[in-house]
Amino acid sequence: MDFQPYVAGLGHTESGPLSRFLPALEDGVISAWLSQQTAGTGQPLAGSWLLDPFGFSPRLVLEAARSGYRVLVTANNPVTRFLLEMFANPPAQSEFTAALADLGAVKKGDERLAGHLQSLYLTSCEKCEQKIYAHSFLWRKGEDIPYARIYECPHCGDSGEHSVTEEDIERVKKIAETDTLHRSRAFEKVVALNNEDRIYAEEAIGYYLPRPLYVITTVINRLDSLNLSAERKRALTALILVACDAGNTIWAHPAERPRPKQLSTPNQFREHNVWMMLERGLSLWTETGSTVTVEAWPNKLPESGGILIYEGRLKDLANIVKKEIPIAAVIGSVPRPNQAFWTLSALWAGWLWGKDAVEPYKVALRRRRYDWAWNATALNSAFNHLGDLLPEGVTFFALLPEPEPAFLTSAFTAASAAKFSLQSVALRTEHDAVQVVWKNEQKQKAKKTSADILLNAIQEYLLLRGEPALYLHIHAAGLIALAEADSLKIPEQEFDEALRKTNALFESVLKNDERFIHHSTGEGVDTGMWGLRSSSEENESLSDRVEIAVVNYLQKNQKAIYLEIEEDLYPRFMGLLTPSKGLIYAILNSYAERETGSWKLRDEDIAATRREELNNIYKLIEAVGKRLNYTTRKQDKLLHWEENGNRVRTFNVLASALLGRALQDSAPDTIIVIPGGRAALAAYKQDRDPSLAARLKKHPLVKYRLLRTLLKVPILTRETFEEQIASDPVEKSTGQMMMF
């Protein structure tokens, strides 16, 4: 396989409307990839047509369109379609402000709607007893009343979590008395009373407590009756969508599931002040820069770029696209099962746009279980339809967010069964999207048994890596080999059976071959890390190689921003060897300092300064050895303490944290000496490499500073020397990012 470098992004987009459900992707990846393709091959050129067959990530599509491409998107989910339209062409900030003001000014009896809805969240400050609005209430699953409230008192400054009062409880009970009426109205906006899908809508609405449901239905009813301009109505709809998400019970407290996949109420959850969340929507829906042309199929787009939304399914588009639109490349975030978002999307579509909007998406209400076999079947259908509408050899650049072994198996099997060949896979960590390149072209058949293919692939990957790897990387290495050999699924197999056989094959190969060692306290093969027991072909560890590359870059570039360092590293460590941000930052923090956004080598780590320091440390070790009545002998970079011609101790003095290199063929009595600035990096490497940590148990790590203090110890004996070198252990930095 021709592995491609991981495409560096500009950081994850963590905030924004419905961000907890949308793919966790880095900004800038799609535009950078498109730029690379244009520079490298001349295709696809700006103005060309791109296709996103999933419509799962509005920001990804928007980024491609802003790069000057015409993007055709199939968007079957009415909520993601609305998000895409809003991100591409947002109303002005003034429209959002005016829309909320118009809504709040509507009368509810004798009071303004804003005051009425806020009054539902009134509470008393525990400290000054003033009436204030709670930010949220905390509940335990299955109970009828909340147990706590969270507020910030504007009068006395008291804030935080406090027990509920009797007044809070009475207010909750009073609102619950009219819950049946409001719940019925909420049902009727989604499905008709006699519709067979009513039971599913009722179940979904069951994830809303009476108070937030009352607020949401009241606001939505006013949306239909307000005389607003089209643009202001869009703005208000966007704010209400934020409230719809804020009002359900799947907000865990504390936030143990920041990205929920299943529609289930946590044991403890937060009930937001929905009116406050409406107001917060003003900041979430900020303008996203220059607008992008958005049209609905079958309208036309200008050659300068834009987004064309097809509101149907991919299979209905196949014949039309092949005749009329020359697709230069496919891009997209591959969807993974998300029952919570898909079910709620159907519910919200009914509330905001009526029953007709729900109809094409009603299957999301009915289905409660999405397993990986279902996911593979659905993805395979999409890949088959893609094959129908694309010329042979078109590139598909796909992002697989929140990767896990089962997700990779599902996607790779689905693509392989649809005759899409795997061109490249780039994987950084389990926190980052996997970057995959497919092409719709035929593959060669397997020439070996699947077990042999898998075993060889894992062994070769671990040899190349030179250190243990997390199971996700091991799994990816094996899947790549099986996909290249067309061994993931045979034509007559169901996807459920194919996935089971692949998983069983991994388990059998890893557990039954003595060449592999499992660094884990768990029994499952997917826990911990995997490495090789021993090998005559051991390579230098990946972490050591990355350290060398980063330091070399800093030596040649006096000032460098982080993105420049990444862009230099990733072509050197491609595919499954992509170094994590955690490792890169650990190296930078060890060798460099930050100045106005740039990194530069510390003065003491400039090569000439370090060489002088190394010579001083050798002299220190010699001086300490003489105090202990040892003779000293230098051999290359090693310094030996000897007695009666016999070696007693060996010192390997490093200016780096290249521990793997230092341990090669080291005698058992060797002490490894490192600068104090390398201590956190050395600790980080031991945390990410259990085999390194085990080998270092036989070799003390001593910092330069300890040797300096030894000469100042008034009474130093051979016994106290051993105590001293154990008195200053290597520890990881308290602020270190532990992203492998």
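The values are calculated or read from the model by the stated rules, or taken from the named source; none is laboratory data. Quick caveat, the model's predicted, so the values are computed rather than measured. In this analysis, Cβ positions are derived from the backbone assuming ideal geometry, glycine residues included, and neighbour counts consider all displayed protein chains.
Among residues that are within 24 Å of the chain's Cα centre (by Cα) and of a type in the set (F, W, Y), Y562 is included. Restricting attention to the range 140-196, the residues being over 17 Å from Y121 (Cβ atoms), small (G, A, S), out of contact with any Leu (no Cβ under 7 Å at 6 or more places or on another chain) and part of a helix (DSSP H, G or I) number 1.
Taking the criterion of being within 29 Å of the chain's Cα centre (by Cα), crowded, with 24+ Cβ neighbours inside 10 Å, in a helix (DSSP H, G or I) and among the small types (G, A, S), would at least one residue in the range 82-90 satisfy it? No; the residues of the range 82-90 include none that is within 29 Å of the chain's Cα centre (by Cα), crowded, with 24+ Cβ neighbours inside 10 Å, in a helix (DSSP H, G or I) and among the small types (G, A, S).
Can you spot a residue in the range 272-280 that is farther than 16 Å from Y69 by Cα, crowded, with 20+ Cβ neighbours inside 10 Å, assigned by TED's automatic domain parsing to the domain that holds Y133 and within 26 Å of the chain's Cα centre (by Cα)? So that I can check it myself, show each step before the final result.
Pass one, the range 272-280, residues farther than 16 Å from Y69 by Cα: 272-280.
From what is left, the residues that are crowded, with 20+ Cβ neighbours inside 10 Å are 272-275, 277-278.
Those still in the list that are assigned by TED's automatic domain parsing to the domain that holds Y133 too: 272-275, 277-278.
Next, only the ones that are within 26 Å of the chain's Cα centre (by Cα) stay: 272, 277.
Yes: one or more hits.
Being at pLDDT 95 or above and either more than 30 Å from I327 (Cβ to Cβ) or acidic (D, E) (or both) is a condition met by no residue of the range 441-448.
Table: residues versus (1) small (G, A, S); (2) closer than 29 Å to R465 by Cβ; (3) assigned by TED's automatic domain parsing to the domain that holds E494; (4) surrounded by fewer than 22 Cβ atoms within 10 Å (Cβ to Cβ).
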{"site": "W374", "(1), (2), (3), (4)": "no, no, no, yes"}
{"site": "P391", "(1), (2), (3), (4)": "no, no, no, yes"}
{"site": "A411", "(1), (2), (3), (4)": "yes, yes, no, no"}
{"site": "A414", "(1), (2), (3), (4)": "yes, yes, no, no"}
{"site": "H431", "(1), (2), (3), (4)": "no, yes, no, yes"}
{"site": "V434", "(1), (2), (3), (4)": "no, yes, no, no"}
{"site": "W438", "(1), (2), (3), (4)": "no, yes, no, no"}
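Looking for something basic (K, R) and at pLDDT 95 or above - is there at least one such residue anywhere in the range 95-110? No: zero hits.
Using the structure shown, decide if T409 is over 22 Å from L60 (Cα atoms) and in contact (Cβ under 8 Å) with a residue 40 or more places away in the chain. Don't jump to the end; show me each part of the working.
Numbers: over 22 Å from L60 (Cα atoms): yes; in contact (Cβ under 8 Å) with a residue 40 or more places away in the chain: yes.
Yes.
Any residue in the range 592-605 that is out of contact with any Phe, Trp or Tyr (no Cβ under 7 Å at 6 or more places or on another chain), closer than 30 Å to R695 by Cα and at pLDDT below 95? Within the range 592-605, one or more residues are out of contact with any Phe, Trp or Tyr (no Cβ under 7 Å at 6 or more places or on another chain), closer than 30 Å to R695 by Cα and at pLDDT below 95. Report, by residue number, each residue of the range 462-481 that is closer than 15 Å to T409 by Cα and touching a residue at least 40 places away in the same chain (Cβ under 8 Å). Y471, L472, H473, I474, H475, A476, A477, L479, I480 - these are the residues of the range 462-481 that are closer than 15 Å to T409 by Cα and touching a residue at least 40 places away in the same chain (Cβ under 8 Å).
Restricting attention to the range 696-710, and to residues there that are among the aliphatic types (A, V, I, L, M) and outside any helix (DSSP H, G or I), which single residue is nearest to the chain's Cα centre (by Cα)? Before the answer, list the steps.
Residues of the range 696-710 that are among the aliphatic types (A, V, I, L, M), as a first pass: 696, 701-702, 706-707, 710.
Still in the list and also outside any helix (DSSP H, G or I): 701-702.
On the way: L701: 35, V702: 37 Å.
Across the range 696-710, the extreme among qualifying residues is L701.
Against the definition (at pLDDT 90 or above, under 25 Å from R611 (Cβ atoms) and not in a strand (DSSP E or B)), how does A693 come out, yes or no? So that I can check it myself, show each step before the final result.
On the way: at pLDDT 90 or above: yes; under 25 Å from R611 (Cβ atoms): no; not in a strand (DSSP E or B): yes.
For A693, the condition - at pLDDT 90 or above, under 25 Å from R611 (Cβ atoms) and not in a strand (DSSP E or B) - is not met.
Among what's in the range 675-689 and is surrounded by 20 or more Cβ atoms within 10 Å (Cβ to Cβ) and charged (D, E, K, R), pick the residue that is nearest to the chain's Cα centre (by Cα). Applying the filter and picking the extreme gives R688.
Consider T502 carefully, then state whether it is in contact with a Ser or Thr (Cβ under 8 Å, 6 or more places away or on another chain) and loosely packed, with under 14 Cβ neighbours inside 10 Å. For T502, the condition - in contact with a Ser or Thr (Cβ under 8 Å, 6 or more places away or on another chain) and loosely packed, with under 14 Cβ neighbours inside 10 Å - is not met.
When residues of the range 91-116 are filtered for being under 23 Å from T291 (Cα atoms), part of a loop (DSSP other than H, G, I, E, B) and either in contact with a Leu (Cβ under 9 Å, 6 or more places away or on another chain) or hydrophobic (A, V, I, L, M, F, W, C) (or both), how many remain? Quick ask: steps written out before the conclusion?
Pass one, the range 91-116, residues under 23 Å from T291 (Cα atoms): 91-100.
The next check asks that each one be part of a loop (DSSP other than H, G, I, E, B); those that pass are 91-92.
Of the ones still in play, those that are also either in contact with a Leu (Cβ under 9 Å, 6 or more places away or on another chain) or hydrophobic (A, V, I, L, M, F, W, C) (or both) are 92.
Count: 1.
From the residues in the range 212-237 that are in contact with a strand residue (DSSP E or B) (Cβ under 8 Å, 6 or more places away or on another chain) and of a type outside the set (A, V, I, L, M, F, W, C), which one is nearest to N89 (Cα to Cα)?
Of the residues in the range 212-237, the ones in contact with a strand residue (DSSP E or B) (Cβ under 8 Å, 6 or more places away or on another chain) are 212, 216, 218.
Narrowing further to those that are of a type outside the set (A, V, I, L, M, F, W, C): 212, 218.
On the way: P212: 29, T218: 28 Å.
Per the stated criteria, the residue is T218.
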